[in-house]
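Once you've had a glance at the structure underneath, I'll fire off some questions.
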Amino acid sequence: MSRHDADSERTFASLPPAHGQAFARTWWGRAWLKALEDAALDSAQLKAGRRLARAGAVGAVSVRPGRITAVVQDRDGSAYRADVLLAELDDEQWNRLLDMTVERAGHVAALLDRDMPPHLVEDAAAAGVDLLPGMGDLEARCDCDAWDHCGHTAALCYQVARLLDQAPLALLLMRGRGEQALLTGLQARSASPAARASADEGVDAAEAYAAGGILPPLPALPDLPAEPGTPPSLDTGTPPAAGIDPGALRHLAARTAAEAHRLLAEALHAETLLAEELHAEPERDCAVEELTVTQDAVRLALGAPPEAVADRLAEGSGRDREALAPATRAWELGGAAAAEVLEEEWTVSGETLTRARAALEGAWDDEERPSLRAVGNRWTVVDSPAQLRLGRDGRWWPYREEHGRWVPAGGASRDPATALASLAAAEEEG
């Protein structure tokens, strides 16, 4: 039996138009869209829904256990009530979910902070509880009397994907529990076993320690320094030992400080990074692979090394100084994956080509879609110094033509329209 109380309905204000933006950035938002797109029988209705959602035609969205609702304005001005139904979890499923959650302090801490812990969905599935919808789980109902997802219900689902990026606990509300009911259930289960047991019975110390409970809140994370630290000076007045290049050593120390700063930035945003990298469609290999000598030379060439050091790094990367510049630019934007896209041209075929064409077809409205000329994994905008390159991981990279050479111009995106829009934005800022 689901719990319907004052905590079990949330209304989200309508969102502004989303021209040139991806509908979902987080793994749970993308999983929501996958459930919609895998089950929809009419791709034209999905396309119509994307168009309506991008145009800001979806009104305020009401989220309740088992149902989301909004009024969607059609292109002709007609308004329709669209509902999408999702089965609620029963009491037994909620009990399993909560019991599993309190065993993992990280899950509890994130939920108490009203955030979605990155591994919660995986761990829930392992416990036999599916939080995210699967194929066919999103049931559509609309005033337009369509028997399957129509443009209005599809628009609502696309809008909900954006909402889930901002308020991930709305997914749990759809499954039957509001925030207060959820947190109350967690706190009740997380009471110390010693506090629940009578004084006469006592509690085994090892058992109490193993059971644990809600941990006290961690101290606030430190602020990220504005810049990497300054390496110690090597100017000791003593001549360097044979084979030691002080300029190269200074540059290596500076690059180490910059890498430490980058790793700290990732650590301070670990929840977001894990959510996007571990639970979305793979955007890069999460395993840390050892760099080749060529790759490491490009990585070390960042940060304006001394001329003699730059010459050595260019030689180590198999390039001249001129060719090293775009390679280091690519590495700044996306590491080894971006550098590979710069260097490699490959033939897109089979299922990969089908997905690429579908992404390009659905990224723009007909009147907004640029004219593209494809060669291998590179789509060049006709009569424009702009290009999209498809990586082997399915991401799109924007490129710009400069002095007769294509150079990387921005970070990657799953949505080709977003990638191309970032290129246009960079040119305006420039």
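The values are calculated or read from the model by the stated rules, or taken from the named source; none is laboratory data. In this text, all values refer to a predicted model and were calculated from it rather than measured experimentally. We place every Cβ from the backbone using ideal geometry, glycine too, and count neighbours over all the protein chains shown. These accessible areas exclude ligands, DNA and RNA; they are computed on the full protein's heavy atoms, side chains included. Shrake-Rupley method; radii C 1.70, N 1.55, O 1.52, S 1.80 Å.
Take the stretch 135-144 and flag every residue that is open to solvent by 30 Å² or more (accessible area, probe 1.4 Å) and assigned to a loop (DSSP other than H, G, I, E, B). It would help to see each step written out before you state the result.
Pass one, the stretch 135-144, residues open to solvent by 30 Å² or more (accessible area, probe 1.4 Å): 135-137, 139, 141, 143-144.
Scanning the stretch 135-144 gives MET135, GLY136, ASP137, ASP143, CYS144.
Would you mind finding the one in ALA82, ALA53 that is more than 17 Å from LEU171 (Cβ to Cβ) and more than 22 Å from the chain's Cα centre (by Cα)?
ALA82
Are any residues in the stretch 299-327 touching a Gly at 6+ places or on another chain (Cβ under 9 Å), open to solvent by less than 50 Å² (accessible area, probe 1.4 Å) and in a helix (DSSP H, G or I), and if so, which ones?
Passing the criteria: LEU300, VAL309.
Right, something else. As an exercise: evaluate ASP99 against (1) under 26 Å from the mean Cα position of the chain (by Cα); (2) open to solvent by 30 Å² or more (accessible area, probe 1.4 Å) and give the number of the one condition it does not meet.
Just one mismatch for ASP99, condition (1).
Look at the stretch 19-70 and say how many of its residues are among the hydroxyl-bearing types (Ser, Thr, Tyr) and either surrounded by 20 or more Cβ atoms within 10 Å (Cβ to Cβ) or at positive phi (or both). Full working, then the answer.
The first filter runs over the stretch 19-70 and keeps only residues among the hydroxyl-bearing types (Ser, Thr, Tyr), leaving 26, 43, 62, 69.
Okay, now just the ones that are also either surrounded by 20 or more Cβ atoms within 10 Å (Cβ to Cβ) or at positive phi (or both), so 26.
Of the residues in the stretch 19-70, 1 are among the hydroxyl-bearing types (Ser, Thr, Tyr) and either surrounded by 20 or more Cβ atoms within 10 Å (Cβ to Cβ) or at positive phi (or both).
Hey, could you check the stretch 305-354 for residues that are of a type in the set (S, T, N, Q) and closer than 29 Å to LEU263 by Cβ and say which is modelled with the lowest pLDDT?
The qualifying residue modelled with the lowest pLDDT is SER317.
Just name the residue that is nearest to ARG104 (Cα to Cα) out of those in the stretch 117-131 that are in contact (Cβ under 8 Å) with a residue 60 or more places away in the chain and buried (at least 20 other Cβ atoms within 10 Å of the Cβ).
Among those residues, the one meeting the criterion is PRO117.
Any idea which residue in the stretch 62-115 is nearest to ALA35 (Cα to Cα), counting only those that are hydroxyl-bearing (Ser, Thr, Tyr) and part of a strand (DSSP E or B)?
So the residue we want is THR69.
Now, a different point. So which residues in the stretch 328-341 are in contact with a strand residue (DSSP E or B) (Cβ under 6 Å, 6 or more places away or on another chain) and surrounded by fewer than 21 Cβ atoms within 10 Å (Cβ to Cβ), if there are any at all?
If the condition is that a residue be in contact with a strand residue (DSSP E or B) (Cβ under 6 Å, 6 or more places away or on another chain) and surrounded by fewer than 21 Cβ atoms within 10 Å (Cβ to Cβ), then ARG329, LEU333 are the ones that fit.
Another question about this same structure. Confirm whether GLU92 is surrounded by fewer than 17 Cβ atoms within 10 Å (Cβ to Cβ) and under 27 Å from the mean Cα position of the chain (by Cα).
For GLU92, the condition - surrounded by fewer than 17 Cβ atoms within 10 Å (Cβ to Cβ) and under 27 Å from the mean Cα position of the chain (by Cα) - is not met.
Determine whether the stretch 71-84 contains at least one residue that is in contact (Cβ under 8 Å) with a residue 24 or more places away in the chain, touching an Asp or Glu at 6+ places or on another chain (Cβ under 9 Å), hydroxyl-bearing (Ser, Thr, Tyr) and open to solvent by less than 30 Å² (accessible area, probe 1.4 Å).
no
Moving to a separate point now. Could you please give the count of residues in the stretch 116-134 that are among the hydrophobic types (A, V, I, L, M, F, W, C), under 20 Å from LEU33 (Cα atoms) and outside any helix (DSSP H, G or I)?
Matching residues across the stretch 116-134 total 4.
I would also like to ask the following. Tell me, please, whether a residue that is in contact with an Asp or Glu (Cβ under 6 Å, 6 or more places away or on another chain) and open to solvent by less than 40 Å² (accessible area, probe 1.4 Å) can be found in the stretch 374-393.
yes
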